[in-house]
Each structure stands twice: as structure tokens, then as C-alpha cells.
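The block underneath contains the structure these notes are about, expressed in C-alpha cells.
The values are calculated or read from the model by the stated rules, or taken from the named source; none is laboratory data. Remember, it's a predicted structure, so these values are computed and weren't measured experimentally. Every residue, glycine among them, receives a Cβ derived from its backbone with ideal geometry; neighbour counts consider all protein chains shown.
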Amino acid sequence: MTRKIQISSENEEFLAKTSELSGQVITLCDQCGTCSGSCPMVSEMDITPSQMMRMVQLGQSEVLNSKAMWLCASCFTCTVRCPRGLDLSRVAEALRLMTLRQAIDHININEIPKDEVVGLPQIALVAGMRKFTG
């Protein structure tokens, strides 16, 4: 007996946005696991590439909290071996882009004491602001 999974309109929007940004038809993934079995970075990831794809298929935006998308080396091993011809590195890139577009500030320059700001190299401040602010 096949069980049908219902997803909300919010989840459908997440799937549609990820598909649009990646240019991939994510629903084609049949969860064979070939991507996970061939990924050189899978041992460092908190979820496997096939789990990442499944979460996107179901529209689970919690995947954006995963470190797997940041660890994708874009080596295209998954793409070469995927029987459906999906490019998971493009999906990972789309997820990274969606995360960065949220523009969450992880540091507030106004909270750094003035005497420390004066002593820090400008290049370090600029790099820190680029990396940790939206």
C-alpha cells in the first residue's frame, strides 16, 4: 500500500523556490542513495545528500539549518553518478543562496567595545562584517 504524503502550501513554495534557483526538477529524485554513496564529504555532513534532497522534496525548510549544504564541494561526483541526471551541487548552492538571502546578522558592530574596534585591523573588521552580517 502506498502512503500519500501531504505537504502544506508553505512547503510547496519552499520546494518551488529551491527548484527555481537550482534549475533542477527536484521531484525527479527517487532516493536511490547513489549521491550519498559517492559523496567524498558525506562523512563530515550532518545529513546525507539524499536526505537533503528528500527534505527539499517535502518542502522542509529546516534543511537550511543543516551544515551539509555548506560542505558540498561541488565536485559533481553526485551529478555524474545520478541515474536521474540531477545536479545536487546546484541544489546545495540554491539552499546556500536562500540562507544568505535571509540576511541574518550574526554580529553587531555596535556591541564591540570602541577601544577594541580602534585596535582591530580594518581588513579584519570588513571581512567579519561581510561574513557575519546580512
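Among the helices (runs of 4 or more DSSP H) contained in segment 32-102, which hold 1 or more residues that are touching a Ser or Thr at 6+ places or on another chain (Cβ under 6 Å) and not aromatic (Phe, Trp, Tyr)? Walk me through it before giving the result.
Numbers: elements: 34-38, 49-57, 68-71, 77-81, 88-101.
So the answer is 34-38, 49-57, 77-81, 88-101.
Checking the conditions here, which among SER22, SER50, SER38 is in contact with a Gly (Cβ under 7 Å, 6 or more places away or on another chain) and in the same structural domain as MET98 (by TED's automatic domain parsing)?
Values: SER22 fails: in contact with a Gly (Cβ under 7 Å, 6 or more places away or on another chain); SER38 fails: in contact with a Gly (Cβ under 7 Å, 6 or more places away or on another chain).
The conditions single out SER50.
Hey, can you tell me all the residues within segment 23-59 that are within 17 Å of LEU97 (Cα to Cα), surrounded by 16 or more Cβ atoms within 10 Å (Cβ to Cβ) and either more than 12 Å from the chain's Cα centre (by Cα) or acidic (Asp, Glu) (or both)?
GLN24, ILE26, GLY59, listed by residue number.
If we scan segment 100-121, do we find a residue that is in contact with an Asp or Glu (Cβ under 8 Å, 6 or more places away or on another chain) and surrounded by 12 or more Cβ atoms within 10 Å (Cβ to Cβ)? Steps first, please.
Let us first name the residues in segment 100-121 that are in contact with an Asp or Glu (Cβ under 8 Å, 6 or more places away or on another chain), namely none.
So far as segment 100-121 goes, no, none of its residues is in contact with an Asp or Glu (Cβ under 8 Å, 6 or more places away or on another chain) and surrounded by 12 or more Cβ atoms within 10 Å (Cβ to Cβ).
Okay, residues lined up against (1) under 14 Å from ALA92 (Cα atoms); (2) among the polar types (S, T, N, Q); (3) touching a strand residue (DSSP E or B) at 6+ places or on another chain (Cβ under 7 Å):
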residue	(1), (2), (3)
ILE7	no, no, no
ASN11	no, yes, no
LEU15	yes, no, no
THR18	yes, yes, no
CYS32	no, no, no
SER36	yes, yes, no
VAL42	yes, no, no
THR48	yes, yes, no
